[in-house]
Amino acid sequence: DTTHDDSGRGVSAELNTGVVYLRGTRGAKAMVQSWRKAMLRQKGGKHLTENVNDQSLFNQVVSGGEVKDLQAWLRSRRAEGVAAPPDAFASLPGNYRRVHQTGSSHEPCLPGAGCAATTFTFGTLPVRPFTGGHTWFNQNVQEMDGHEQPQHQPITVHFTFQFG
């Protein structure tokens with residue numbers, strides 16, 4: 001939904017797993033392990049429906065809230081060795097893409113290995129360059145105001161799987 005996209009608050013909606021970019025951080029590894037484990041728990045289940053799939057399980061794993069103190073968050077990322085420029089988030093417009101953090105902690109280790117749990121922080125990709133089938137075919141993002149500007153050109157169109 002591009003209305004949410006322009007406000008930067010799209011996390012209240014279902015997130016689409018069609019295009020996912022992950023860095024090799026402990027938090028990203030923890031999220032992937034939790035998502036993987038959630039899918040494995042469903043494998044072969046007799047109660048599976050169109051509402052239980054990789055997409056819905058992803059949304060369950062990443063549920064959380066917006067990071068309010070970005071500078072404190074950046075300091076904690078740097079303490080874990082994540083590279084971030086000192087002036088990151090220094091002057092952001094009102095419609096910047098927000099950073100969100102999971103509400104629960106997850107273990108980044110492979111099965112059978114013990115490790116400390118951690119949270120996962122994430123942001124959403126902007127809809128115009130990373131559009132899905134619905135925003136392309138139904139909302140016609142490719143014809144919205146400013147579509148001819150280079151920053152609004154699509155990088156990818158993910159053809160979303162829909163039940164019907």
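Brief remarks follow.
- Placing R0 at 41 angstrom, the Cβ-Cβ distance between residue 140 and residue 59 gives a FRET efficiency of 0.95 after rounding to 0.05.
- Inter-label distance, residue 37 to residue 84: 2.5 nm, where each label sits 7 Å from its Cα along the C-beta direction.
- Ranked by the mean number of other Cβ atoms within 10 Å of their residues, highest first, the peptides 75-84, 124-133 fall in the order 124-133, 75-84.
- Lysines whose Cα lies under 25 Å from that of residue 37, excluding same-chain neighbours fewer than 8 positions away: 29, 46
Each value in this text was obtained by applying a stated rule to the coordinates, not by laboratory testing. This structure is a prediction, so every number in the text was calculated from the model and none was measured. Positions of Cβ are generated from backbone atoms using ideal geometry, with glycine treated the same way; all protein chains shown enter the neighbour counts.
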